[in-house]
1. Looking at segment 106-138, which of its residues are under 17 Å from the mean Cα position of the chain (by Cα) and of a type outside the set (A, V, I, L, M)?
2. In the set 160, 141, which member is under 17 Å from the mean Cα position of the chain (by Cα) and either at positive phi or not charged (D, E, K, R) (or both)?
Amino acid sequence: MDEVNMLDDEQRSMLLQLARQAIASRFGGEPPPLPTDPVFRNRYGLFVSLHLNGDLRGCIGYIKGYKPLAESVIEMAKAAAFQDPRFHPVSAEEVPKLEIEISILSEMIPVTDVSEIEIGRDGLYLEHPRGSGLLLPQVPVEWNWDRDTFLQHICRKAGVRDKSYLDPQAQLSRFTAEVFHE
């Protein structure tokens, strides 16, 4: 599967609502019930990104589908809100103001030639003996990066030197994502 595009607008809305309820439940709300739609039992890698006033407030996810989609959304929404080490945990006052974005990932496709990488379509995942990192497809678009800058930043995200993706021990992969937000 190269591209992920499997949800209709109602299913997307349900997942966004599920993520918001999961975060709110930390402050006394009821834990969200799992939706019964069979599509939410499928397993995909996914990331939940939180923004506040246009700024990133948390982003955590799975590269591969370890759990059913609905369970992963709940878990990653809570993790993005309360466990992203780059940020303080989200406060109760922030919850209604959060903008939630969900990215459902396709399978990883090994990159054999960097000319295969298309800005706006592909995210990147770099596995290197000294670190790994992932950047979602929307990141280079948001920052107006070209392919070379995107490759430089995936190395930095992995905590390795620029151009480490060329190391014979490195594995660079690309993926697409179905991205939706409130």
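1. Scanning segment 106-138 gives 106, 107, 120, 121, 122, 123, 125, 127, 132, 133, 137, 138.
2. It is 141.
Quick note: the coordinates plus some simple rules give every number you see, no bench work behind them. Quantities reported herein were computed from a predicted structural model and do not represent experimental measurements.
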